[in-house]
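Everything below concerns the one structure shown next.
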Amino acid sequence: MDTTMRDGEQKAGIALNMSDKIEIFKLLDALNIYQVEAGIPAMGGDEKRCIAKMAELGLKSKVSGWNRMVLEDIDHSLDCKVDILHISVPCSDIQIYSKLSRDRHWVVENLRKCIEYAKENGAALSIGLEDASRADIDFLLQIVFLVRGYGINRIRFADTVGIMMRSEIYEAVKKIKEEAGIGVEVHAHNDFGMAVSNSISAVTAGAEFVDCTIGGIGERTGNCNYLHFIKAAKGQLGIYDNLKLDEAVYLQDKILKIINKN
Amino acid sequence: MLTNIKKNKKVTIIDRILPELGLSGTGAAIEQAVFFCSMLKQAGVDMFEVDNSINEDILGLSRDMNFIFRIKSMEDISCVMKHAIRHCIIDTEIPEAEKVLKKLCSNGIKATVEIRAEGKEKLLEIRETAELRKAHCIRITGLNHMLACQWDKYAGEIKASLGVTLDCCPENRFYSANAIALEMLMENADILTVSFFGYGGLWGYAATEEILTAAKTVVNPKENIDLKNLNRAGGIFQFLSGVKIPPMKPVLGEDIFKYESGIHADGIEKNPRTYEPFDPCLVGQERRLVVGKHSGRKAVRQKLDKLNVEYKENDLDLLLKSIRERSIQIGRSLHDIEILELVLS
């Protein structure tokens, strides 16, 4: 899974234009990335037009749009006709109380509203557990069961501020898999240099999807670096035998040239 | 020194960067190196690894520092005796390793034997190697293939079987060194060997500044270490090594506390903990709001307030649109002067 053009582009100072993003999308497709998180349609303007264009191209990589738990955001994603509509749900008390000035009950009810609205409009959904690493595991499971009840088959476990230890993420993902039997996507940040090892750990616990960015770019210290993850997965897990590293390096370098051109 | 709060014991921190920096010269580099060590000591490093490549002036100028000397041959022992260094490390691969170990022990010097282990088989072999009991400490390096929850069990068995102190020095071939070091801080390691910036060796090591900051902010907030000079230490590291610190490098990177996206700017304004793992001041950094393509109204408002610019709320949306368009056009965020130009236009 790639989030270069969403979390990656959120790195302070990066500003890609439409032709940059389309070119990057094509290169990611050449890397056989399963799903590309193309951006935030609710930003409107060129960003929204660009995401719609990517969805229209009909390449192998699925296109997803990132949304807050806000109906207007969902409308923007629906306009873009993305393959997957991702709704991010603040799950930790610090995010719910400090950022949103709400409570857990509001989060649950608002999530229901957003899911029902999106499904009524025919959207395929994935749900993100924002700041899952600092959230109460029982509340996380409550959200996961709610999501599964709507027939949604994937959640994103986000270590939003990069503080998780790899044994902790292993236990959390394992618990979610065992108790809810839902697909898990891991989204790690690199604040203590552990985004790759946490992603590997999540995979050993059963996570089927790993969010990466090219060059590891992203908020603050960035996200799980795609190339580093592939190297670690090959070396530690013995997977991706069919992936040629030099080809990945070549394509990554082309993408980084576009991102760093200014 | 760090605290293993789970087992209520102290863990010694060794930094092995000095031999990697090629400090054989004289003058400014030596003074800077000594100053660098003093800042790391303040931040929690207990001991510095040195070897015969380092200018001995460093040992002389750093009377209040503790060193562990890497012995490469019998001749190195005279340098150890000259500077009254009480700790040494030897690689089992060096010629006459057993003789060296014997001589160190007979002089009352605490000897660490360094062994590389990549997997379970080697750890089991170490556990059964009776000769290793002669050492004061075993340093296990490598560990590139150890996944979560895998190797602590063997670490405990090695200590129990050999009656030694255990030093863990994970390598970073597969980007797991920090993870392993922090696991061992909370489990069976008595000593952690790390390197500033993770510098050195074939694949690098766990990064000192990242481990110390994680120890203080995540593992044990009561840890009595002062990290505020880590950023300055980063500057000296750049001078001594000639390596530029990448902008996104954890703890030290110049971009890591910049924020732009509307959602993050809003969250940080309300409570920085929403999107920061720790206060940047802790490590001598500061947060900085940047305005560009991903900014929201609140961020623009904040920036205008900071620039003491008067504005009407009704104009903010138009200004935001202009900022986003300009940012996309130039492919980066806007400098303050460029924001002011847009305001005036």
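The values are calculated or read from the model by the stated rules, or taken from the named source; none is laboratory data. All values reported here derive from a predicted model rather than from experimental measurement. Glycine also receives a Cβ, built like all others from the backbone with ideal geometry; neighbour counts cover every protein chain displayed. Heads up: the accessible areas ignore ligands, DNA and RNA and are worked out on the full protein's heavy atoms, side chains in. Shrake-Rupley method; radii C 1.70, N 1.55, O 1.52, S 1.80 Å.
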Please go through the range B:98-122 and give me each residue that is hydrophobic (A, V, I, L, M, F, W, C) and open to solvent by less than 20 Å² (accessible area, probe 1.4 Å), ordered by number.
B:Val100, B:Leu101, B:Leu104, B:Ile109, B:Ala111, B:Val113, B:Ile115, B:Ala117
Out of A:Ile137, A:Ile127, which single residue is closer than 18 Å to A:Ile182 by Cα, open to solvent by 10 Å² or more (accessible area, probe 1.4 Å) and either out of contact with any Cys (no Cβ under 8 Å at 6 or more places or on another chain) or not basic (Lys, Arg) (or both)?
A:Ile137
Just give me the residues in the range A:208-218 being more than 17 Å from A:Arg156 (Cα to Cα) and either surrounded by fewer than 24 Cβ atoms within 10 Å (Cβ to Cβ) or facing another protein chain (nearest Cβ under 8 Å) (or both), in sequence order.
A:Gly215, A:Gly216, A:Ile217
Among the residues of the range A:167-198 satisfying the criterion of being among the polar types (S, T, N, Q) and in a helix (DSSP H, G or I), which is surrounded by the fewest Cβ atoms within 10 Å (Cβ to Cβ)?
A:Ser167
Among the residues of the range A:2-21, write down those that are open to solvent by less than 10 Å² (accessible area, probe 1.4 Å) and in contact with a Lys or Arg (Cβ under 6 Å, 6 or more places away or on another chain).
A:Met5, A:Ala15
Check the range B:158-171 and report whether any residue there is at the interface with chain A (Cβ under 9 Å from one of its Cβ atoms) and under 22 Å from A:Asn225 (Cα atoms).
no
Out of the range A:1-14, which residues are in a loop (DSSP other than H, G, I, E, B) and out of contact with any Leu (no Cβ under 9 Å at 6 or more places or on another chain)?
A:Met1, A:Thr3, A:Gln10, A:Lys11, A:Gly13
Among the residues of the range B:237-266, which ones are more than 27 Å from B:Ala299 (Cβ to Cβ) and either at the interface with chain A (Cβ under 7 Å from one of its Cβ atoms) or buried (at least 19 other Cβ atoms within 10 Å of the Cβ) (or both)?
B:Phe237, B:Leu240
Specify the residue that is most open to solvent (accessible area, probe 1.4 Å); the eligible residues are those in the range A:219-233 that are within 9 Å of chain B (Cβ to nearest Cβ) and in a helix (DSSP H, G or I).
A:Lys231
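Looking for something among the polar types (S, T, N, Q), over 21 Å from B:Phe278 (Cα atoms), open to solvent by 20 Å² or more (accessible area, probe 1.4 Å) and more than 16 Å from the chain's Cα centre (by Cα) - is there at least one such residue anywhere in the range A:143-166?
no
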Restricting the range B:287-313 to residues that are open to solvent by 60 Å² or more (accessible area, probe 1.4 Å) and touching a helix residue (DSSP H, G or I) at 6+ places or on another chain (Cβ under 6 Å), the one farthest from the other protein chains (Cβ to nearest Cβ) turns out to be B:Tyr311
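Quick check on the range B:112-129. Is at least one of its residues over 18 Å from B:Ile158 (Cβ atoms) and touching a helix residue (DSSP H, G or I) at 6+ places or on another chain (Cβ under 8 Å)?
no
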Of (1) assigned to a helix (DSSP H, G or I); (2) touching a helix residue (DSSP H, G or I) at 6+ places or on another chain (Cβ under 6 Å); (3) within 13 Å of chain B (Cβ to nearest Cβ), A:Val203 satisfies every one except (2)
Filter the range A:30-68 for residues that are open to solvent by less than 20 Å² (accessible area, probe 1.4 Å) and among the charged types (D, E, K, R) and give the result.
A:Glu37, A:Glu47
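State the number of residues belonging to the range B:182-219 that are among the aliphatic types (A, V, I, L, M) and in contact with a Lys or Arg (Cβ under 6 Å, 6 or more places away or on another chain).
Going through the range B:182-219 one residue at a time, the tally reaches 1.
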Any residue at all in the range B:195-213 that is away from chain A (no Cβ under 14 Å) and either under 13 Å from B:Asn172 (Cα atoms) or out of contact with any Gly (no Cβ under 7 Å at 6 or more places or on another chain) (or both)?
yes
Counting only residues that are closer than 13 Å to A:Glu219 by Cα and of a type in the set (A, V, I, L, M, F, W, C), the range B:269-280 contains a total of 0
When only residues in the range A:41-69 that are within 14 Å of chain B (Cβ to nearest Cβ), touching a strand residue (DSSP E or B) at 6+ places or on another chain (Cβ under 9 Å) and not in a helix (DSSP H, G or I) count, which is farthest from A:Ser19 (Cα to Cα)?
A:Met69
Say we look at the range B:267-286 and pick out the residues that are over 24 Å from the mean Cα position of the chain (by Cα) and facing chain A (nearest Cβ under 7 Å); which of these is most open to solvent (accessible area, probe 1.4 Å)?
B:Lys270
Reported set for the range A:223-262 where residues are among the basic types (Lys, Arg) and touching a helix residue (DSSP H, G or I) at 6+ places or on another chain (Cβ under 6 Å) is A:Lys254
Go through the range B:45-86 and report how many residues are in a strand (DSSP E or B) and either over 13 Å from B:Val34 (Cα atoms) or open to solvent by less than 30 Å² (accessible area, probe 1.4 Å) (or both).
9
